[in-house]
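Every number in this text was worked out from the coordinates using simple rules, so none of it is lab data. Model, not experiment: these values are computed from the prediction. All Cβ positions, even for glycine, are placed from backbone atoms using ideal geometry, and neighbour counts span all protein chains on display.
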Amino acid sequence: MEDANTISMALAYLGAAIGAGLVLIGAANGIGKLASSAVEGIARQPEAAGKIQTAMLIAAALVEGVAFFALIVCLMIVLK
Amino acid sequence: MASNPVSHVQDIPLVGIAKDYSLLFPRIEKHEGHTELKWDKPLLFEGSVPAYFTVHGFSLLIVAVLLLWGGFSAVRGVKSRPAEGRGVSAQLFEVLIAFIRDDVAKPAMGPYAKKYLPLVLTFFFFVLFSNLLGMVPILITKAPTSNVNVTLCLAMIVLLSMFVLGIKEQGMGHFVKNLVPGGLPAWILVLMYPIELLGPLTKSFALCVRLFANMCAGHIILAAFSGLAMASDGSYNYISLVPVWGMSVAISLLEVFVAFLQAYVFAMLSAMFIGSFVHPDH
C-alpha cells in the first residue's frame, strides 16, 4: 500500500516540524522571562551583576537543555 | 554451526590502521557531475561486535594529545621559572583553573572542593578541548562530544562518581539516610526512595543529551546552510552564496561561544551534582 506509507511518512514529517516549532515557543518564552528578571535585578543592584550573570547563564543552559531534548526527538523522527 | 559453546571465541588482531595509514584520509571519487569524499572505516578488531576507527576516534586521540601536551608544558612552565616569567600555556591554564576553583568548585562543593577539584577540571578541559576541536575549519576532525557515545560515557562517569564518592565520603548508612528528606513517616519512604534514586539518573542523562545536542545542532545548521549553497549545483547562481557565507560565519561564531558555554555548564552542573552527594546540606 504505497499510499498508506506515503501518508504516514508525510504525517510524521508534519508532526516533527510542528513539534520543533512548539519547542521553540516554549524555550524562547522561558529564556525571555529569565533574561528579563536577570536584567531587572542587575538594574536594581549593579554590584551583584557578576552573580546574577552566572545564575542566568546556568538557568538558560538548563532550559535550553530541555529544548534540545525535544529537538533530538524531532530529528530522530525525520531521520528515520 | 557452533558445536562447541566456546568455538566463537577468536583471537583479536589489531587490523586496520596499524597496517594501512591511508585509511585515515578520505578517498576522492570523481563521478560525472560531482566529486565525493568517502572514508573507509577500518576495523579495530574482528569479533562478534565490530569496532570501527572512525573520525570521532581520531578526534578523541587528537584531543588527548593536545591535553597532555598542554598540561605538561604548563607544569614545566610553572616549575622552572619564577612567578612573573611563566610560560604562555601555564598562564592560560592558570586563569581557567583559578576560575573553576573559585567560581565553580568552591560554591558547589564547599570544604571538599580541594579534594575533588581535579575531577571537575578534567571534565571542564576535556569538554572544552573536544568542543573547540569541532570548530577548527580545515581539519577533518569532528568534535568528539558530538558523538552521543562520548557524552554518554561522560555522564556515566558523573553518575558513578556521584554514588561512589557519596558513599566514600559519608559512609553507607549516612548516605542512604541523606537521600530522602528527614522526618518522614515510614510508610512514605517506600515511595520516596525510587524517586530519589531516579533523580541522579535523570540529571546525568540530561547532562549527556544537553552537551550532545548543543554540539550536534550547530553542525546540522551549518550543514543545512551549505546544502542551500550546494543545491544550486550546475546553475549559475552565485549571488545565493553571499548570505550562505554570512550565515555560516555568524553561526560559527555562535558555535564557538556555545562551545565555551557548554564546557562551563557541564563542569558547573557536575560539580553541583557531585557536591550535593558529597556534602549534603541539611
**Asked** Pairs A:Lys51/B:Lys142; B:Lys106/B:Lys177; A:Lys51/B:Lys177; A:Lys51/B:Lys114: which are spaced more than 29 Å apart, C-alpha to C-alpha?
**Response** A:Lys51/B:Lys142; A:Lys51/B:Lys177
**Request:** Could you work out the mean count of beta carbons from other protein chains within 10 Å of each residue's beta carbon in B:207-219?
**Result:** 3
**Request:** Grab the Cα-Cα distance for A:Gln45 and A:Ile58, subtract it from 0.36 nm times how many residues apart they are, and report the gain in nm with one decimal.
**Result:** 2.7 nm
**Asked** Rounded if a/c is under 1.5, else prolate if a/b is larger than b/c, else oblate: which is region B:79-278, with a ≥ b ≥ c the root eigenvalues of its Cα gyration tensor?
**Response** oblate
**Request:** Could you please rank B:Ile195, B:Ile167, placing first whichever residue has the fewest other Cβ atoms within 10 Å of its Cβ?
**Result:** B:Ile195, B:Ile167
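Treat the count of other C-beta atoms within 10 Å as a stand-in for reagent exposure and order B:Thr122, B:Thr151, B:Thr141 from fewest to most. Kindly include the intermediate steps, with their values, before the conclusion.
On the way: B:Thr122 15, B:Thr151 25, B:Thr141 19.
Fewest-to-most Cβ neighbours within 10 Å comes out as B:Thr122, B:Thr141, B:Thr151.
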**Asked** What average count of beta carbons from other chains do you get within 10 Å of the Cβ of residues in A:59-71?
**Response** 5
**Asked** Hey, with R₀ at 25 Å, roughly what FRET efficiency would B:Ile167 and B:Leu67 work out to, going by the Cβ-Cβ distance, to 0.05?
**Response** 0.30
**Message:** Taking R0 as 25 Å, what FRET efficiency do you get between B:Ser80 and B:Leu222 from their Cβ-Cβ distance, rounded to the nearest 0.05?
**Reply:** 0.05
